[in-house]
Number of protein chains: 2
Amino acid sequence: MSARREAVREALSASPEFRSAQELYAALRAGGSKIGLTTVYRALQALSDSGEVDVLRTDDGEAVYRACDTESHHHHLVCRVCSTAVEIEGPTVERWAAEMGDKHGFTGVTHTVEVFGTCARCSRS
Amino acid sequence: MSARREAVREALSASPEFRSAQELYAALRAGGSKIGLTTVYRALQALSDSGEVDVLRTDDGEAVYRACDTESHHHHLVCRVCSTAVEIEGPTVERWAAEMGDKHGFTGVTHTVEVFGTCARCSRS
DNA sequence: CGTATTTTGACAACCATTTTCGTTTTCGCG
DNA sequence: CGCGAAAACGAAAATGGTTGTCAAAATACG
């Protein structure tokens, strides 16, 4: 683990929120580092590969990263009118996906789940 | 609703899967249409605004769209090596998704689930 | 030290998506 | 119909996050 990569990890850990690569790059530069944007991307990719950070995509396609201290895997309930998203989780689905994989002899099973609906507020109008 | 927009909606309805704008554009052109890529994007945006299609982002940031009807509902277990897909279904997830929607006051709840893994044959090699 | 390997960063390339803008089609109405 | 306004269209250019390239710099190792 190089010093630069460590710096990216720390910058990410400094906030519990999801941060974009561009934000992290700006923050590091603002803090005096001479790091390059390319390196930030590479560091984030490496961290994500090793499972140390969670990655997801915002609605406009930007990748955002978060330090992953709780290994929290969750899904989203998205309003199809206003795009508000609620985080949801479900041991139920996790178990179901794993069972399905087993049943058909699949290994290394992962899954993606997205739930859509119209939120309470948008339903009223 | 213009003819072109209607064509996009039909192309999308032709498959129950999520399709990208680029795929739809290619399919329409292959079918002899003189439609432009710009128009495909505009049509998808309009359809998504009016709630007729669901949109989500793939892991590599591409937007994918799906006609929003609830018929013939099932999911896929896809091998990430050879892409073989097994159809699976699960009252479990259906119920879970519905519950999640209810719990947060969402109406008209739909969902999408994709399960990935390495199939038995590919695991061996 | 000296060489091999890895990491870095400026810059160019990529590619899905959006914007621009001039042209074409559709619509409303007499 | 005819005609003008408004909307839709499409080609090309712009945008912007992300990835590839490659030579230079840092680091590892004998």
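The values are calculated or read from the model by the stated rules, or taken from the named source; none is laboratory data. What you see is a predicted model; the values in this text were computed from it and never measured. Quick reminder, even Gly has a Cβ in these numbers, built from the backbone with ideal geometry, and neighbours come from all protein chains shown. For the accessible areas, the whole protein counts, side chains as well, though only heavy atoms, and no ligand, DNA or RNA atoms are used. Shrake-Rupley method; radii C 1.70, N 1.55, O 1.52, S 1.80 Å.
Listed values, structure above:
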read-out	value
At 7 Å out from Cα toward Cβ: residue A:98 inter-copy label distances (nm, ascending)	2.6
Partner chain coverage, peptide A:85-92 - average Cβ within 10 angstrom	4
Using alpha-carbon coordinates, inclination of helix B:3-13 to the longest axis of chain B, degrees	10
Value of Rg to Rh for segment A:70-125 (Rh from inverse mean 1/r over Cα pairs, i.e. Kirkwood)	1.13
With Cα atoms, 0 to 90° folded angle of helix B:37-49 axis to chain B main axis	60
Protein heavy-atom accessible area occluded, A/B pair - total, 1.4 Å probe, Å²	3200
Solvent-accessible area per residue, Å², over chain B with all protein chains present [probe radius 1.4 Å]	55
Mean separation of Cα contacts under 8 Å (6+ apart) over length of chain A, as relative contact order %	20
Cα centroid separation, segment B:40-64 to segment A:1-57 (Å)	29
Carbon + sulfur, % of accessible area of the protein assembly as shown - ligands and nucleic acids excluded, 1.4 Å	49
Cα coordinate range in chain A, projected on the principal axes (Å, largest first)	47, 47, 21
Rounded tilt (10° steps) of A:91-103 against the dominant C-alpha axis of chain A	80
Nearest-first distances (nm) between copies at residue A:10, label 7 Å from Cα via Cβ	6.2
Heavy-atom accessible area ranking, 1.4 Å probe, most first, across A:54, B:54	A:54, B:54
Per-residue average of Cβ from other chains inside 10 Å of A:53-66	2
Sequence ranges A:43-53, B:108-118, ranked by mean other-Cβ count within 10 angstrom, highest first	B:108-118, A:43-53
